[in-house]
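Below is one structure, written out as C-alpha cells; the observations come after it.
The values are calculated or read from the model by the stated rules, or taken from the named source; none is laboratory data. Computed from a predicted model, the values in this text were never measured in an experiment. Cβ sites come from the backbone with ideal geometry, for glycine too, and all protein chains shown count toward neighbours.
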C-alpha cells in the first residue's frame, strides 16, 4: 500500500508582493541616468552601482571615483550616524563611500559607511546622477527566488515509460495537454490534464544533447538522481559574506548550494526565520539536471543537456551586481577576477526577481543585452505577485523570455504575474483543487523535482513539490535546449535568441480555460514538441 505524507503548507508564494513606488525625478528632471524604481520604503541600502562615462577620470582611476562619490555624499548632507535628520549637524561626521569592485558591464560597486533609508537613498542616488561624469547609477537591489515553499515530500508510486520511479504519479507537466485523466493521490481521483507542456513527445526528437543550460539560483546540492557533471565547473558569484554564508567577502568556484536559511529579522524588520529552500536544486532538476529513464526518482526536461549551476542567491537573496556578472559569465563573457566559463550556456534560466523597472541602462538590462548579443536566450520567471509583469525585474528586461505559470487545468495560477510583457506560460502548479485560489491542496497542484531534507545545511537528498513561476521557467529553459539540440542533430546552425522567442510564442498551446482579458499570459502554454518541430523546420 502506498504511503503519502500530508501536504504541509503552500508557498506558491507571493514573495514579490510589494508595491511599486513612483519613479522619482532627479535634480535636472531626467530619470534616464538613474533607477529608483525598486526602492522600498521599509528597506535600507548600502550598496550602489555607478557607471562612469568613458574617458572620465572616475572611469579610469579608482581614487578619482572615490573622491567623486564622497563629494556627492557631502552634497547630499548625509551623516555617518543614523540619527533622525538628514541635515549635516555641527560636529557630526559625513557619510563616507568606499570602493568595492568593477562589474563586467563596466559599473563600479560601492558601499556607504552606513545603511540609508528610502528617502536618503533617493537623495544620494540623485546627487550621484547630477555628476556629469556619471552615466548611470542605481542601488544594488536584492532579488529573491520567486517562491520559497515548504516542500511536500513525494511518496512511493508506480511508474510507466519513462521508467523513473515517480514519473507517472507526479509529473503531469511533462504530458500532452489533451484532457487525459491524471491520478491525484491527495484528491483520490483523476484530474483532466489540460496544462501539460508536451515534453515527453518532444523527446522523440531531441533530448538536449550538445547544449548547456545555466541555472542562476541558489546553486545545487548533491543528489544521486542529478547529473552533476558541471557542478564544480559552476561558480558562486555572491560577493558579500553575509549573503554567501562564508567567513569573508569574495566569489569562489563551484556552483554548490550551502543553504540559504535565515534567522528572524536577518533580512529586515519583522521578517520571520526561514529554513533553506533548496530552490536551486529543484529548478536544476526540472530544467534537465534530473537523470531520466534510469528507474529512479523523476525526470528532467532536457535530460541530455548539461546544466551549469551558478550561485547568485543566498541568505536574504542576491544583488543585482552579482546576478549581472553571473549572466555575463554564464553566457561566455569575461568577468574580472573570475576564470572564463569553459562551458558557455545557450540558455540561461532565472527563477528570481523583484519589483522595479529594467531599463536598458540598468545593471540587469545591460547584462541581459550582452548575453543576448552572445547568442544566449535568457528565460525569466514573471513573478508571483498576481500583478502586471511590467513592474517586475528582470522579467521586464528587453529581450527576455518572460514566463507565467499555469496549473493542470490550464488556468493561470492565482499567484502568477501577467500582462503584455509575458512571452508564454508553462506549468508552475496551481496548488489547489481545480487550480483555485484556495481550498484543498493537491499533488497535481505542484511541480515535482529534486530537493534536500536539510533545514539549514544540506543533509539527505530527496524529492518534493513546489509551485510558482520559478517552476514554470525551467520547463521553458529546458525546451529551448531541446530546440537547439534538435538543430544540432540536423546539422543546422543554432537559433538566435530572437528566433527562439518567436518560435516559443508561435508554437504555444491555447489554454483550455481562457484567461481574463486583463490577465493575459502570452500566446499560450509551452508546447515543447511543437516548439522543437518548429525549430527543426527553420532553414
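Results, tabulated for the structure shown:
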quantity: All positions within segment 176-190 that are within 17 Å of residue 465 (Cα to Cα) and buried (at least 20 other Cβ atoms within 10 Å of the Cβ); calculated: 182
quantity: Failed criterion for residue 482 (all others in (1) in contact with a strand residue (DSSP E or B) (Cβ under 7 Å, 6 or more places away or on another chain); (2) surrounded by 23 or more Cβ atoms within 10 Å (Cβ to Cβ); (3) farther than 22 Å from residue 192 by Cα hold); calculated: (1)
quantity: Lone qualifier among 213, 238 - being assigned to a strand (DSSP E or B), in contact (Cβ under 8 Å) with a residue 12 or more places away in the chain and crowded, with 24+ Cβ neighbours inside 10 Å; calculated: 213
quantity: Per-region count, segment 490-511, residues under 15 Å from residue 424 (Cβ atoms) and either without any contact (Cβ under 8 Å) to a residue 24 or more places away in the chain or outside any helix (DSSP H, G or I) (or both); calculated: 5
quantity: Where residue 276 falls short, out of the listed (1) outside any strand (DSSP E or B); (2) touching a strand residue (DSSP E or B) at 6+ places or on another chain (Cβ under 8 Å); (3) under 30 Å from residue 409 (Cβ atoms); calculated: (3)
quantity: Conditions (1) assigned to a helix (DSSP H, G or I); (2) within 20 Å of the chain's Cα centre (by Cα); number of the one not met by residue 434; calculated: (2)
quantity: Selection status of residue 57, modelled with pLDDT of 85 or more and surrounded by fewer than 21 Cβ atoms within 10 Å (Cβ to Cβ); calculated: yes
quantity: Odd one out for residue 288, checked against (1) buried (at least 20 other Cβ atoms within 10 Å of the Cβ); (2) on the phi > 0 side of the Ramachandran plot; (3) in a loop (DSSP other than H, G, I, E, B); calculated: (3)
quantity: Residues of segment 517-539 satisfying the condition of being assigned by TED's automatic domain parsing to the domain that holds residue 421 and in a loop (DSSP other than H, G, I, E, B); calculated: 517, 518, 519, 520, 522, 524, 526, 527
quantity: Given (1) farther than 30 Å from residue 185 by Cβ; (2) buried (at least 24 other Cβ atoms within 10 Å of the Cβ); (3) over 19 Å from the mean Cα position of the chain (by Cα), number of the condition residue 422 does not satisfy; calculated: (3)
quantity: Filtered residues of segment 313-352 (kept if part of a loop (DSSP other than H, G, I, E, B) and within 23 Å of residue 144 (Cβ to Cβ)); calculated: 313, 315, 316, 331, 335, 345, 351
quantity: Criterion: more than 24 Å from residue 443 (Cβ to Cβ), at pLDDT 95 or above and in contact with a strand residue (DSSP E or B) (Cβ under 6 Å, 6 or more places away or on another chain) - qualifying residue of 524, 465, 491; calculated: 524
quantity: Exclusive hit being in contact (Cβ under 8 Å) with a residue 12 or more places away in the chain and farther than 22 Å from residue 525 by Cα, set 384, 452; calculated: 452
quantity: Test: residue in segment 447-462 that is at pLDDT 95 or above, crowded, with 24+ Cβ neighbours inside 10 Å and under 23 Å from residue 398 (Cα atoms); calculated: no
quantity: Among the candidates 310, 403, residue that is more than 23 Å from residue 228 (Cβ to Cβ), touching a residue at least 24 places away in the same chain (Cβ under 8 Å), outside any loop (DSSP other than H, G, I, E, B) and touching a helix residue (DSSP H, G or I) at 6+ places or on another chain (Cβ under 9 Å); calculated: 403
quantity: Count - residues of segment 241-255 that are part of a loop (DSSP other than H, G, I, E, B) and crowded, with 23+ Cβ neighbours inside 10 Å; calculated: 1
quantity: Any chance residue 270 is at positive phi, part of a loop (DSSP other than H, G, I, E, B) and modelled with pLDDT under 95; calculated: yes
quantity: Any hit, segment 193-205, residues being over 20 Å from residue 480 (Cα atoms) and touching a residue at least 60 places away in the same chain (Cβ under 8 Å); calculated: yes
quantity: Of residues in segment 10-50 being modelled with pLDDT of 50 or more and over 24 Å from the mean Cα position of the chain (by Cα), the one farthest from residue 392 (Cα to Cα); calculated: 30
